[in-house]
Amino acid sequence: MKFTHAEPNDIPALTSLLNRSYRGDSSRAGWTTEADLLSGKRIDEAGLTQLLNDPDSLILIARSNETILATIHAHREADTVHFGLFAVEPTMQAHGIGKALLAYAESEAHKRWGINTAIMEVITHRSELIEYYERRGYVRTGEMIPFPESNLWDRQIDALELAVLSKKLVANT
């Protein structure tokens, strides 16, 4: 497995990976599905292209040969890095790919931007995902923020909000 930065020609494959990892029946092959909470798309190609062109963003990829296995988005905001759009191929989850990619993303953000604090925003209903991040050193800040609205998805339940988690990064993450 090797880690790379996304390129424009990766956008179609990344869009497909993100949507099948988060939503719909294909996402149920893994443990990180949001299919019972939201329907529709997680992101579209235009949204990913916008992120790829943002100088304060990195889209990182884990590959095996030429196959994209996982991705994560890092966005610099002042003195923090916000991670999101973190997805592992549903049939490949629970094999350490996500853990390795997250560690790489933390290291890249620290090296590139000199950032010492990482932020994750996780749907509060996803207790198993919050626990996953806690095992990787993230702690709940106590802050909750409203779940965003988008024309890409529909809520399957009404009360959705995001728990904010943070982690102090070190030079050799």
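Heavy-atom surface analysis with a 1.4 Å probe gives the chain a carbon and sulfur content of 49 percent of its accessible area. Tell me, Kirkwood radius of the stretch 1-96 from alpha-carbon pair distances, in Å? Averaging 1/r across every pair of different Cα atoms and inverting gives 13.7 Å. Only protein heavy atoms count here; on that basis, with a 1.4 Å probe, E131 has an accessible area of about 90 Å². Label positions at T49 and D154, each projected 7 Å from the Cα along the C-beta direction, are separated by 2.7 nm.
Per residue, the stretch 84-173 exposes 52 Å² of accessible surface when a 1.4 Å probe is rolled over the protein heavy atoms with every protein chain present. For the chain, lysine pairs with C-alpha atoms less than 27 angstrom apart, excluding pairs fewer than eight positions apart on the same chain, total 10.
For the stretch 82-95, putting each phi into the Karplus relation 6.51 cos²θ - 1.76 cosθ + 1.60 with θ = phi - 60° gives couplings of 9, 9, x, 6, 8, 9, 10, 2, x, 6, 10, 5, 6, 10 Hz, in residue order, rounded to whole numbers and with x for Gly and Pro. Take D10: with every protein chain present and a 1.4 Å probe, its accessible area is about 10 Å². Our estimate of slack between N9 and R140, defined as 0.36 nm per intervening residue step minus the Cα-Cα distance, is 43.5 nm. Remark: the stretch 59-66, residue by residue, has Karplus-estimated 3J(HN,Hα) of 10, 10, 10, 9, 10, 10, 6, 9 Hz, where x stands for each Gly or Pro and the curve is 6.51 cos²θ - 1.76 cosθ + 1.60 at θ = phi - 60°.
The values are calculated or read from the model by the stated rules, or taken from the named source; none is laboratory data. The model shown is predicted, which means the values in this text are computed figures rather than measured ones. Every residue, glycine among them, receives a Cβ derived from its backbone with ideal geometry; neighbour counts consider all protein chains shown. Please note that ligands, DNA and RNA were not included when accessible areas were found on the heavy atoms of the full protein model with its side chains. Shrake-Rupley method; radii C 1.70, N 1.55, O 1.52, S 1.80 Å.
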